[in-house]
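First comes the structure, then the notes that go with it.
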Amino acid sequence: MFINWFKSSRATAGHIMSKQDVISAILKKIDSKQDRAFQIAMDELKNEGIIEIQPDGVTVVLTQKGSDKVLGSSEKTAKGF
């Protein structure tokens, strides 16, 4: 969810996914049964150093490692992988 949003936004390190972006791009599209999976995904990306979560608990910042992952997945997609 997050990686696809950053990829479609052509994000680089430091790019911010605001609270409004999270709500409109992700939270409005999941149901209550998916809440736990959403939290797990967010925690995994944070623990892997791909994103940072701002103090509000919702705003997401793409790290350099995350930017490398986004760019890497874009290159693979472009090459047909």
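Structure notes:
- Simple spin-label estimate for Lys7 and Asp43 gives 2.5 nm between the two label positions (7 Å along the Cα-to-Cβ direction from each Cα).
- Whole-number D in µm²/s for the chain (Stokes-Einstein; Kirkwood sum over Cα pairs; 4 °C, 1.567 mPa s): 100 µm²/s
- Charge dipole (debye, nearest 20) of the chain; +1 at Cβ of Lys and Arg, -1 at Cβ of Asp and Glu: 300 debye
- Taking a sphere under 13 Å around the Cβ of Lys19 and counting the other residues whose Cβ falls inside, with K and R at +1 and D and E at -1, yields a net charge of -1.
- Cα long-axis angle, helix 64-79 against the chain (0 to 90 degrees, to the nearest 10): 60 degrees
- Between the Cα long axis of helix 35-47 and the first principal axis of the chain there is an angle of about 50°, rounded to the nearest 10.
- Of the accessible area of the stretch 1-76, computed with a 1.4 Å probe over protein heavy atoms only, carbon and sulfur atoms account for 50 percent.
The values are calculated or read from the model by the stated rules, or taken from the named source; none is laboratory data. The shown structure was predicted, so the numbers you read here are calculated from the model rather than taken from an experiment. Quick reminder, even Gly has a Cβ in these numbers, built from the backbone with ideal geometry, and neighbours come from all protein chains shown. For accessibility, only protein heavy atoms count, side chains too; no ligands or nucleic acids. Shrake-Rupley method; radii C 1.70, N 1.55, O 1.52, S 1.80 Å.
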